[in-house]
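This report refers to the structure that appears directly beneath it.
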Amino acid sequence: MIPEILEVTSLSLQVSLLATVISLLVGLPLGTLLALGRFPGQRIALSLVNTGMALPPVVVGLLVSMLLWRSGPLGDLRLIYTPTAIVIAQTIIAAPVVTGLTAAALQQLDPRLRLQLMGLGASRHQMIWTLWKEARLPLLAALMAGFGSVISEVGASMMVGGNIRYQTRVLTTAIVLETGKGNFGPAVALSILLLALAFLVNAALTWIQQHGQQTKTHQ
Amino acid sequence: MMSLFDIQNLGVQRGGQTVLSVPALSVKEGEVLAVIGPNGAGKSTLLLTLAGLLPHSRGQISFRGQPLASLDDLAYRRRIGLVMQEPLLLDDSVFNNIAAGLRFRHVPRPEITRRVEHWLARLGVAHLHRRPARKLSGGEAQRVSLARAFVLEPELLLLDEPFSALDTPTRTHLLEDLQALLKETGLTAAFITHDLDEALLLGERVAVLIGGTLRQVGTPEQVFSSPTDGEVAAFVGVETILPGQVVKAEEGQVVVQAGGLRLEAVSTLAVGRNVLFCLRPEDVTIYPPEIPFADGQKPHPPASSARNRLQGRVQSLTPQGPLVRVVVNCGFPLMALITRTSARELQLAEGLPVSASFKASAAHLIPR
């Protein structure tokens, strides 16, 4: 029992962290472009991303299932009911969250700061890097929100992962299974584990956030 | 001496409308140009265009003889320094804020430390170097902002109303320090302000922008005593502006019929010219009315070379700090600025008859 729980917990953490990191790699540049760039359709793109922040996980599960289904367009990749499929679905859920909150974080900065940085001789990359540093607190919050949206979701993981024991079972799908069987004891234990995990990851990010807040007072 | 920058026929558009038009303006190496004008006159637009941060739709800006358009954008921006109205400091220590521009330029670390420490001390903020920049007072923040620009040792320093949000004592100190720094470093600078005192203190030459157009460039004396049009005159503090006509001209002296009176002025304009008769309030003297004595003899007004002596009544008195603004109705409202002591000694009150005088050389005529 214990080794199985550890495995489920480990898979949950791996899948959700990987999905969050990929979301960050996609969402940070995209959110920056949406906040700072000037291009036609920018507003529409921004509202699409904001809508994406409320994307129901079951809808994402359905979409990814249809894509990865054996007879689907990406069926040959044989990814359905694998951890990779869960990572793909969770990335689709978390990426709009990270993108939208990144854009919001950068839009909160004084627009004249960009002019001032350019006036100090910053290249475009140096300017963006400096703006990210300026917005580091809300950006970390964006990351936390992204992680929070995937560690807790169950619909998509269930649909594209299949909740296969020793293969694709994660904490949330395991809780659904145990509850369905009326095994409330294990379900409660798994729930506490899930909460503890979410707490630990967020506590670590909060520590980084607040530590940054304090150390920036020093040179 | 060679021009550091030279503007020809510059036009900047925003939303299809021309917001800035500068026919010609150049600044020599080592010169401090004050750009003055009311709010919304296009001053900041001019500065941002010079900084290479706003595109221009027509004309040309040359920097050391080379058109700005032909220079690499980043390389050019790294030759200038920009200080904006708000300090816009980074959420970091004072030291790191001042070092930011040097780090952008990949200056070696020991040199960054040396230069930042020098400018921290030079601007009197060395004791604050570890402080979070966001926790500074307005004056301290603007000192850091100045240090951040000076540390770059730019070829051109652009300052956009850097002291306008500060209280008067802080502003005065900073202005004095900036004046000393500019002198010491010999930096070429363009300083934007809507404050005439700041322009007079810092500017070796003054450029006046009104309604998006450069109206006049000259030494402070030229701009303040000989404004080129009525709007410039009003902006630089000429408060009595009367339309009139030259009715007599003789050896550099003219008589202008204006406001129903014949007023003398020093000018070479010919008879028949329509003019604006301009007078600054501080050039007007007020003294007790010239009431004839009982024997019919006129009293002797205070000894003065003033050629213009007018009679009128006090229309209004408005205290302004240590001064009092007096409006004397002489057939037209004549504006005067006198000390509180003078106002008290003259026992000025609304409705009181008074005499006012001003020298012919104090009046300035603008041909229309």
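Nothing in this text is a laboratory measurement; each read-out follows from the coordinates by a stated rule. In this text, all values refer to a predicted model and were calculated from it rather than measured experimentally. All Cβ positions, glycine included, derive from the backbone under ideal geometry; neighbour counts span all protein chains shown.
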Relative contact order of region B:145-246, pairs being alpha-carbon contacts under 8 Å that are 6 or more residues apart, as %: 18 percent
Extension gain (nm, one decimal) between B:T228 and B:A165, 0.36 nm per residue minus Cα-Cα: 19.7 nm
Taking chain A and dividing mean pair separation by its residue count, relative contact order in percent (alpha carbons under 8 Å, at least six apart): 29 percent
Peptides B:181-193, B:117-129, B:84-96 ordered by average Cβ neighbours within 10 Å, highest first: B:84-96, B:181-193, B:117-129
Net dipole in debye of chain B [+1 Lys, Arg Cβ; -1 Asp, Glu Cβ; about Cα centre; nearest 20]: 500 debye
Distance (nanometres) between label positions extended 7 Å along Cα→Cβ at B:F332 and A:S10: 9.5 nm
Radius ratio Rg over Rh of the protein assembly as shown, counting only Cα atoms, Kirkwood formula for Rh: 1.19
Ranked by how many other beta carbons lie within 10 Å on average, peptides B:310-319, A:39-48 from highest: B:310-319, A:39-48
Charge dipole magnitude, Cβ of K and R +1, D and E -1 - the protein assembly as shown, Cα centre, debye nearest 20: 960 debye
Relative frequency of Cα-Cα separations exceeding 36 Å in chain B, percent: 37 percent
Dipole of region B:239-368, positive end: most advanced residue of B:L310, B:L279, B:A336 [Cβ charges, Cα centre]: B:L279
Normalised contact order of region B:3-230, rounded percent, pairs of Cα under 8 Å and 6 or more residues apart: 29 percent
Spin-label model distance (nm) - B:L317 vs A:R165, 7 Å beyond Cα toward Cβ: 10.2 nm
Projected label distance in nm at A:K181 and B:V247, using a 7 Å step from Cα toward the beta-carbon: 11.4 nm
Inter-chain shielding of B:88-94 (mean C-beta neighbours from other protein chains, 10 Å cut-off): 6
For the protein assembly as shown, with +1 on Lys and Arg beta carbons and -1 on Asp and Glu, the positive-most of A:V64, B:S44, A:Q107 along the dipole: A:V64
Kirkwood-Stokes translational diffusion coefficient of region B:239-368, alpha-carbon pairs, 4 °C, 1.567 mPa s, µm²/s: 85 µm²/s
Percent breakdown of C-alpha pair distances by 5 Å bin, ordered from the shortest bin, for region A:42-109: 4, 17, 21, 19, 14, 12, 8, 4, 1, 0
Alpha carbon convex hull of region B:1-118, volume per residue in cubic angstrom: 149 Å³
From the C-alpha gyration tensor of chain A, square roots of 5λ in Å: 36, 22, 13
Theoretical FRET efficiency, 1/(1+(r/R0)^6), r = Cβ-Cβ of A:A204 and B:N9, R0 56 Å, to 0.05: 0.40
Most to least packed among B:333-342, A:65-74, B:39-48, B:66-75 [average Cβ atoms within 10 Å]: B:39-48, B:333-342, A:65-74, B:66-75
Test item: A:108-119 mean partner chain Cβ contacts at 10 Å: 6
Fraction of beta bridges assigned by DSSP in region B:3-230 that are antiparallel (%, nearest 5): 55 percent
25 Å Cα cut-off, lysine pairs counted over the protein assembly as shown (separation 8 or more, or different chains): 8
Hypothetical label at A:L137: residues of region B:70-101 whose amide nitrogen lies under 12 Å (7 Å Cα-Cβ projection): B:91-92
Cα centre as origin, Lys/Arg/Asp/Glu Cβ charges: chain A dipole, Debye: 560 debye
Helix B:109-122 vs. chain B, principal-axis angle (Cα, 0 to 90°, nearest 10): 20 degrees
FRET efficiency, A:M66 to A:V21 (Cβ-Cβ, R0 22 Å, nearest 0.05): 0.30
Degrees, to the nearest 10: A:83-107 long Cα axis against longest axis of chain A: 30 degrees
Kirkwood hydrodynamic radius over Cα pairs of region B:212-264, then Stokes diffusion coefficient at 10 °C and 1.306 mPa s, in µm²/s: 126 µm²/s
